[in-house]
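The values are calculated or read from the model by the stated rules, or taken from the named source; none is laboratory data. From a predicted model like this one, the values you see are computed outputs, not experimental measurements. Virtual Cβ from ideal backbone geometry, glycine too; neighbours counted across all protein chains shown.
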Amino acid sequence: MSRLPFRNTSAAVLATLLLLSGCAQNPVQAPVTPPLPTTSSPAESETPVFSNQEEFQQCLDSLRPAALKTGISETIWQQYTAKLSPDMSLLPRLNKQPEFSQPIWDYLAGLVDDERVDLAKAKMAGYDKELTQISAQYGVPREAIVAIWGIESNFGQNAGRLPLLRSLSTLSCLGRRQAFFRGEFFATLRILQAGDFSEDRLKGSWAGAFGQTQFMPSTFERVAVDFDGDGRRDLIDNTADALASTANYLKRANWVTGQPWGIEVKLPEGFDAAGENRRNKRSLSVWMQRGVMRVDGMPLVVTPATAVTPTAETTAEPTPETAATTPPVANNPTITADTLAGLLLPSGVQGPAFLVMRNFDAFYSYNAAESYGLAIAHLADRIAGGGDFVTPWPTDDLALSRSQRRELQQLLLERGHDIGEVDGRLGERSRSAIRIEQEKLGQPVTGRGGMKVLLALRGQ
């Protein structure tokens, strides 16, 4: 849930990076304790240990007074910190977050594809009773809840395997935003103290997110709910609890019931987008005055005077060209001329444009990256029966779906490249192999797995 754009592989550059790096939600915090020395970046297959365990322990000791002030007992502190060692393998991961490093079209293609949409629909049908109740109770559509479930853990299949205490203690003493991670480290200890989970079950992402919908520990404390009434808030093994907790999170993030997350729009020729962003919200009436309209050419707000009388043509099944992931052109009591929306241009004025409302901000708050928020929104719309965005992305090398990425990996294996498992995830070994093949093919050597290299390796 919280994947942050870090840049830190050595103590020597830490001070500079603390000044230059930042996160949209949380300001960079100066370290309370001196950063510990680091080793060189390890190979992916290695799990190195800190060269000076004593210094790491000194850092933990310095955190003890603050931890106890948050309600952690001395017994719990000693029990769970006495044998901790840092996980230095986290450091090379800090600058590899796809939501910040991939082109938006690659990021979306890997998260929102037919494969995930079909599985989401099947999962939604399997939890129809629970989702009906959850949606009614929290005012959040089931598609939004299931979309987060799908993207965060692939519906519980990929929830992470790293021990939370080790990851969060490491990030509490190394890297930037130590204050943030210390808060999550303390929250994990309080969760253990409360008996919500045993230590061996608290495993998750490198950043400390855990469970089927990848809550940070402090988020678990704040919004997790016991949906089935068994006396436990279980986001790991209890899917209903996880889904209800996610709905509760969105509700507390000021979700507006019945309102869409946004509208795909068309900007007028010569539109000046300087200074516009999702935070700089204006009323839809202002956007209409500036010539912005829905991507299908209809007004942003449909009034009785502009509404279209249904005909055989307008009620026909949408085509791929017209099935935009925008609300239907009809009166919507939650969309008025006064509704506030900000302009989101994830690839500049040449790509898809969106007016995003409060519900997009709720998605964004789950993981502070606009690409992530758009992925959740898009998947939710696809689950509900919407199509792809109408405006194409500004690239001549189309992105690959997960199935196409697996095909690309298989072709690389057949050419003798040791890339590991065919899993649809183009890691460093896959990218290295792609660079070799791109050079052979006379293509630009980027290491990016796009349609051009896939077609070339197919022999097309």
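Picking from PRO304, PRO320, PRO327, which residue would you name as being at pLDDT below 55, buried (at least 17 other Cβ atoms within 10 Å of the Cβ) and either part of a loop (DSSP other than H, G, I, E, B) or not hydrophobic (A, V, I, L, M, F, W, C) (or both)? First the steps, then the outcome.
Working: PRO304 fails: buried (at least 17 other Cβ atoms within 10 Å of the Cβ); PRO320 fails: buried (at least 17 other Cβ atoms within 10 Å of the Cβ).
PRO327 is the lone residue from the list that is at pLDDT below 55, buried (at least 17 other Cβ atoms within 10 Å of the Cβ) and either part of a loop (DSSP other than H, G, I, E, B) or not hydrophobic (A, V, I, L, M, F, W, C) (or both).
Determine if the range 176-194 includes at least one residue that is in the same structural domain as PRO141 (by TED's automatic domain parsing), β-branched (Val, Ile, Thr) and in contact (Cβ under 8 Å) with a residue 24 or more places away in the chain. Can you show your working first?
First, the residues of the range 176-194 that are in the same structural domain as PRO141 (by TED's automatic domain parsing): none.
No: the range 176-194 contains no residue that is in the same structural domain as PRO141 (by TED's automatic domain parsing), β-branched (Val, Ile, Thr) and in contact (Cβ under 8 Å) with a residue 24 or more places away in the chain.
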- Note on the structure: Going through (1) in contact with a strand residue (DSSP E or B) (Cβ under 9 Å, 6 or more places away or on another chain); (2) crowded, with 18+ Cβ neighbours inside 10 Å; (3) of a type in the set (D, E, K, R); (4) farther than 20 Å from ASN367 by Cα one by one, ASP200 fails only at (2)
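Name the residues in the range 429-444 that are part of a loop (DSSP other than H, G, I, E, B) and surrounded by 14 or more Cβ atoms within 10 Å (Cβ to Cβ), would you?
GLN443 - this is the single residue of the range 429-444 that is part of a loop (DSSP other than H, G, I, E, B) and surrounded by 14 or more Cβ atoms within 10 Å (Cβ to Cβ).
Please enumerate the residues belonging to the range 195-211 that are without any contact (Cβ under 8 Å) to a residue 40 or more places away in the chain and part of a helix (DSSP H, G or I). Break it down into steps so the answer makes sense when it comes.
Here is the first cut: in the range 195-211, the ones without any contact (Cβ under 8 Å) to a residue 40 or more places away in the chain are 195-198, 200-202.
Passing the criteria: ASP200, ARG201.
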- Can SER430 be described as touching an Asp or Glu at 6+ places or on another chain (Cβ under 8 Å), more than 26 Å from LEU131 (Cα to Cα) and not aromatic (Phe, Trp, Tyr)? no
- Does ALA159 satisfy being of a type in the set (A, V, I, L, M, F, W, C) and assigned to a helix (DSSP H, G or I)? no
- Message: Condition first: of a type outside the set (Lys, Arg), in a loop (DSSP other than H, G, I, E, B) and either closer than 16 Å to ILE236 by Cβ or in the same structural domain as ALA67 (by TED's automatic domain parsing) (or both). Can you find one or more residues in the range 138-154 that meet it?
- Response: yes
- Message: Could you tell me how many of the residues in the range 71-93 are assigned to a loop (DSSP other than H, G, I, E, B), among the basic types (Lys, Arg) and over 18 Å from GLN57 (Cα atoms)?
- Response: 0
- Message: Taking the conditions exactly as written (under 14 Å from the mean Cα position of the chain (by Cα), part of a helix (DSSP H, G or I) and buried (at least 16 other Cβ atoms within 10 Å of the Cβ)), does GLY110 satisfy them or not?
- Response: yes
- So which pairs qualify, if the first residue must be in the range 135-146 and farther than 8 Å from ALA247 by Cβ and among the acidic types (Asp, Glu), the second must be part of a helix (DSSP H, G or I) and modelled with pLDDT of 95 or more, the Cβ gap must be under 6 Å, and the two must be at least 6 apart or on different chains? GLU143/ALA380; GLU143/ILE383
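Mind listing whichever residues of the range 379-388 are touching a residue at least 40 places away in the same chain (Cβ under 8 Å), out of contact with any helix residue (DSSP H, G or I) (no Cβ under 6 Å at 6 or more places or on another chain) and surrounded by fewer than 23 Cβ atoms within 10 Å (Cβ to Cβ)?
GLY386, GLY387, ASP388
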